[in-house]
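To start, the structure under review is shown below, and the notes come after it.
The values are calculated or read from the model by the stated rules, or taken from the named source; none is laboratory data. None of the values given here were measured: they were computed from a predicted structure. Backbone-built Cβ (ideal geometry, glycine too); neighbour counts: all protein chains shown. With ligands, DNA and RNA removed, areas are computed over all heavy atoms of the protein, side chains included. Shrake-Rupley method; radii C 1.70, N 1.55, O 1.52, S 1.80 Å.
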Amino acid sequence: MNKLKRLWGLIPITAFLIIKLILMMIEQMFGLVLRDLPSLFLFVFLIISILILIFYFYQQMSMHIRGKFARSIVLLLCFFLALVNLISGMIQGVFAYHSDKIVIENGITMVARDTSYLNFGMEYYEYKNAVFRGKQMLKQISNKTYWLYDKDGKLIETGTYNQ
């Protein structure tokens, strides 16, 4: 228990790595992909874990550093790392997130992902559950062109929307 208290700052990042490893195994074994909202929550957990790790690093270093100047250099370095972590995490989180919704088309329940900020773009995947979606794209729309795929990834149909 005393060793666990001493290594408290490593627990969140270790938990993240274990969760990520389990998710990668699930994705490989079952052909699933983590949906966007659970993926965003996992990413936020990573950012928080890194912040805790930086704070833990500072605490461990400050216990061994006696000089005020060296301690303030370490504090500045940790503050800089935390700031870079937060800013890069926010930027990556904003650009990596794509909203998705559940749609039923031709009797198939699918996850529709909005993939474009400037032009109209949608990708449709098979709905599995609230956490996972299928890996294989079933339909793709870009501007006014669409492509339909079967569950094996073979192109079935392509065309354009006329409006």
If a residue has to be open to solvent by 50 Å² or more (accessible area, probe 1.4 Å), farther than 16 Å from D114 by Cα and either touching a strand residue (DSSP E or B) at 6+ places or on another chain (Cβ under 6 Å) or not acidic (D, E) (or both) to count, how many in the stretch 137-159 make the cut?
-> 7
When you look at N162, is it open to solvent by 70 Å² or more (accessible area, probe 1.4 Å) and either modelled with pLDDT under 90 or within 25 Å of the chain's Cα centre (by Cα) (or both), yes or no?
-> yes
Output the strands (runs of 3 or more DSSP E) that fall wholly within the stretch 9-127 and possess 3 or more residues being in contact with a Lys or Arg (Cβ under 7 Å, 6 or more places away or on another chain), or say none.
-> 121-127
Matching residues in the stretch 128-147 - criterion: being out of contact with any Leu (no Cβ under 7 Å at 6 or more places or on another chain) and free of Cβ contacts under 8 Å to residues at least 12 places away in the same chain = N129
Among the residues of the stretch 31-66, which ones are surrounded by 15 or more Cβ atoms within 10 Å (Cβ to Cβ) and of a type in the set (K, R)?
-> R35
How many residues does the stretch 91-121 contain that are modelled with pLDDT of 85 or more and surrounded by 11 or more Cβ atoms within 10 Å (Cβ to Cβ)?
-> 8
